[in-house]
Amino acid sequence: MELSKRSLIIFVLGWLTSLALLGCIAGYYHMEYQNLLAKIKDYEGCVMRVNICINYEEFNGTVVWYNGTLVLAGCDLLSATKRIAIVNYTYWPSYKASFVDAINNVWKNGTHYWMWYRWTSNSWEYGPVGADIYILSPNETVMWRYEKPHYSP
């Protein structure tokens, strides 16, 4: 009888110690999370959030959204895209702009290319300039789409 009472006491003490340790760990991560939120608030004027879609529908049928992507204020679309994906591109001096060759290892070919769009008030609109020239606005929504362009590239 005494052995089982002793085992029960050891079990309860171990369980209480585990709970106390778990509480300390949870408290630590909560404090770190609060510190991170405070830092983001401190840098509010230096950073912004944007929404980026990568549309692979014509390649494998998927569409992936990166909503609320945190980028530096004044960031161009190409730099923002490089924060969320592997991007291969070529700079064309004659156009003074970059052309995206691949996103996440989905390469352009003779018929399909990576085109980018921006969301206007109620529709998608082709990007007016190269992605490395286009400066994003806070909360802007843009999309990269692997497609056969409606015009000759």
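The values are calculated or read from the model by the stated rules, or taken from the named source; none is laboratory data. The structure displayed is predicted, hence computed values, not measured ones. Positions of Cβ are backbone-derived with ideal geometry, glycine not excepted, and every protein chain shown enters the neighbour counts.
Just to verify a result, which residue in the range 4-59, among those that are over 20 Å from the mean Cα position of the chain (by Cα) and assigned to a loop (DSSP other than H, G, I, E, B), is farthest from I86 (Cα to Cα)?
Looking at residues that are over 20 Å from the mean Cα position of the chain (by Cα) and assigned to a loop (DSSP other than H, G, I, E, B), I get E58.
Taking the residues in the range 65-94 that are of a type in the set (S, T, Y) and in contact with a Phe, Trp or Tyr (Cβ under 7 Å, 6 or more places away or on another chain) as candidates, determine which candidate is farthest from Y117 (Cα to Cα).
The qualifying residue farthest from Y117 (Cα to Cα) is T90.
Going through W107, W114, W124 one at a time, which residue ends up being out of contact with any Phe, Trp or Tyr (no Cβ under 7 Å at 6 or more places or on another chain) and within 17 Å of E147 (Cα to Cα)?
Working: W114 fails: out of contact with any Phe, Trp or Tyr (no Cβ under 7 Å at 6 or more places or on another chain); W124 fails: out of contact with any Phe, Trp or Tyr (no Cβ under 7 Å at 6 or more places or on another chain).
Matching residue, one of W107, W114, W124: W107.
Would you say S94 is surrounded by fewer than 16 Cβ atoms within 10 Å (Cβ to Cβ), over 16 Å from the mean Cα position of the chain (by Cα) and in the same structural domain as D132 (by TED's automatic domain parsing)?
yes
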